[in-house]
Amino acid sequence: MPSTLRMKRINDRFKQVLSLTILAKMDDPRLAGVNVTDVKVDRELDYANIYVSSLAGKESSSDVLAALNHARGFLKRELANEIDLRLMPKLRFFWDPTPEKAARIDDLLNQIRPELDRVNADEAKETTEESEDDWDDDNEWEGEDSDEWEGEEDDYDMLDTSEGS
């Protein structure tokens, strides 16, 4: 069985070769805008689970998966030409909803961003007003711990800067 590092390299190489093959060597219009999001080859190299998404979204998932399953032999041959493995795993294609979920979360965040910006601006204004009240007319701090530092030496002065340690 391959090591964990070798499995990561195999997965990454599969993803790279499949992405380039789908983009450059396949003319199927159903595969326009298809991205390979992840590849997981099992440790025995029996199966390669390939996760894909499309710019067209979930509506095109059945067409995309049908086109990829139809081209399975071609894709396997292209992988075998590019990747040197004793056994080439069987290819299985799955729809990956992660990009659509990420887009939905991004949309929701963009909807609440104006309100969040307004709240942050109000808090910043309150903080500025409070800090201006803590200074007296002579620009001296009137906070609670203003006497705490009087008469104490700076930490910098206490450091031993002599050489020879």
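Below, the figures for the structure above:
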quantity: Boolean, A56 is exposed (fewer than 15 other Cβ atoms within 10 Å of the Cβ) and either of a type in the set (G, A, S) or at pLDDT 95 or above (or both); calculated: yes
quantity: Tally of residues being touching a residue at least 12 places away in the same chain (Cβ under 8 Å) and out of contact with any Ser or Thr (no Cβ under 6 Å at 6 or more places or on another chain) across the range 91-132; calculated: 7
quantity: Residue satisfying all of: in the range 68-104; assigned to a strand (DSSP E or B) and of a type outside the set (K, R); farthest from the chain's Cα centre (by Cα) among these; calculated: L91
quantity: Qualifying residues in the range 22-42 (those that are touching a Pro at 6+ places or on another chain (Cβ under 8 Å) and surrounded by 14 or more Cβ atoms within 10 Å (Cβ to Cβ)) - the one nearest to A66 (Cα to Cα); calculated: N35
quantity: Those residues of the range 23-77 which are among the β-branched types (V, I, T) and under 19 Å from R13 (Cα atoms), in sequence order; calculated: V34, V36, T37, V39, V41, I50, V52
quantity: Matching option when the condition is surrounded by 15 or more Cβ atoms within 10 Å (Cβ to Cβ), of a type outside the set (F, W, Y) and in a helix (DSSP H, G or I), among L108, L116, L45, L65; calculated: L65
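The values are calculated or read from the model by the stated rules, or taken from the named source; none is laboratory data. On a predicted model such as this, the values are computed, not experimentally measured, just so you know. Methodologically, a virtual Cβ is constructed for each residue, glycine included, from the backbone with ideal geometry; neighbour enumeration extends over all protein chains shown.
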